[in-house]
Amino acid sequence: MLYRTNIIALVGSGENTSYPKERLILWDDIAHRPFSELNFKSDVLNVKLRKDRVVVVLEKKVYVYNFENLECSDSFMTCDNPSGLISLSTSESACVLAIPDEKVGSAKLVHFPKSKGDKEIVQIKCHTSGIAALRLSQDGSILATASPKGTLIRVYETKTGKQVAEFRRGMDVALVSDIVIDPLNQMVACASDKGTVHIFNISKSGDEKAPENKKSKLSTLGGYFGSEWSFAQ
C-alpha cells in the first residue's frame, strides 16, 4: 500500500491465469479497479511504493519506475535474491534504495537526486556469507543488516559506507526475519524465528537516560567479546 492512500500493489499467486506471479497490478481501491499493470519475465518477489517511485524486485534484478508515468528510470543487477530483499526510505526529504549487490554479502545503496542530477551509488561489504535482512532508516541515512547465521546485526552510514555499530543477537543460529529502526535513529530491533525480539541502542548522544547495551566483561579482548548485546529482549 502507498502510505495511507487508496493505491495498493498486488501480485498474483499464479493459481489464476489472470493474476500470474510475473505481473504487478497497481490497484485503485476507491475506483475498485486496476489503473496500471507491469509485466516481467520472471516472478515479482517484492514491491515498494513511494509517492514518486515504484520499485520492483525480481530474483536477480531490481527495476525503478517513476510513479507519475510508470516509465522505467533505472535497473540494477543483484546477486541471487530469492527472498526479494529490499528497503526504500520513506521520508520525502530523501529517496534512498538498499538492495543486495552483485557481490554476495555486499549491499548497494542508491541515493536518488531530489531533482535533476546523477544518482549516487555506495557499495558496502556487510557480511562474508550473505545478507539475511536489511533495513534503511526512514530518512535513508542509516542501514542495518543481519548475517545469514542471525548472530550479528551491523549498522552503517549510507553516505560514507562507514560501520557505526555491531550488535550480537545471540550465539545460536537463527533466521532474522525483520529489522526496524526507530524514527529518531536511536534504536534498532530485530525479530527472528526463535520467537524473540532484540532491541539495541545505536544512539551515541551520551544521554544518561538512554538504555545501555550489554557488554561482555572481556570486551577489551575485541572480536566476539567486543560485540554489544541487546539491552532488551
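Only the coordinates and a few stated rules stand behind these numbers; no lab work does. It should be emphasised that the depicted structure is a prediction, and the values quoted were computed from it without experimental measurement. Neighbour counts are summed over all protein chains in view; Cβ atoms, including those assigned to glycine, are modelled from backbone coordinates with ideal geometry.
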Inset, instruction - Taking the residues in region 38-52 that are outside any strand (DSSP E or B) and among the hydrophobic types (A, V, I, L, M, F, W, C) as candidates, determine which candidate is nearest to residue 14 (Cα to Cα). - result: 44
Inset, instruction - Search region 1-26 for residues that are on the phi > 0 side of the Ramachandran plot and pair each with any residue that is assigned to a loop (DSSP other than H, G, I, E, B) when their beta-carbon atoms are under 7 Å apart and the residues are at least 6 apart or on different chains. - result: 14/20; 14/21
Legend entry - Check on residue 159, among the basic types (Lys, Arg), touching a residue at least 12 places away in the same chain (Cβ under 8 Å), assigned to a loop (DSSP other than H, G, I, E, B) and within 25 Å of residue 64 (Cβ to Cβ): yes
Legend entry - Unique residue being in contact with a Lys or Arg (Cβ under 7 Å, 6 or more places away or on another chain), assigned to a loop (DSSP other than H, G, I, E, B) and surrounded by fewer than 19 Cβ atoms within 10 Å (Cβ to Cβ) when the list is 180, 173: 173
Inset, instruction - Determine the pairs where a residue that is farther than 20 Å from residue 114 by Cβ, located within region 66-81, has a partner that is of a type in the set (Gly, Ala, Ser) and surrounded by fewer than 16 Cβ atoms within 10 Å (Cβ to Cβ) with Cβ atoms under 7 Å apart, the partner being 6 or more residues away or on another chain. - result: 70/36
Inset, instruction - Being closer than 19 Å to residue 136 by Cα and surrounded by fewer than 18 Cβ atoms within 10 Å (Cβ to Cβ) narrows it down to one of 91, 13, 75, so name that one. - result: 91
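Within region 130-153, can one find any residue that is basic (Lys, Arg), over 16 Å from residue 202 (Cα atoms) and without any contact (Cβ under 8 Å) to a residue 24 or more places away in the chain? Quick ask: steps written out before the conclusion?
Step one: of region 130-153, the residues basic (Lys, Arg) are 135, 149.
Subsequent filtering for residues that are over 16 Å from residue 202 (Cα atoms) retains 149.
From what is left, the residues that are without any contact (Cβ under 8 Å) to a residue 24 or more places away in the chain are none.
Within region 130-153, not a single residue is basic (Lys, Arg), over 16 Å from residue 202 (Cα atoms) and without any contact (Cβ under 8 Å) to a residue 24 or more places away in the chain.
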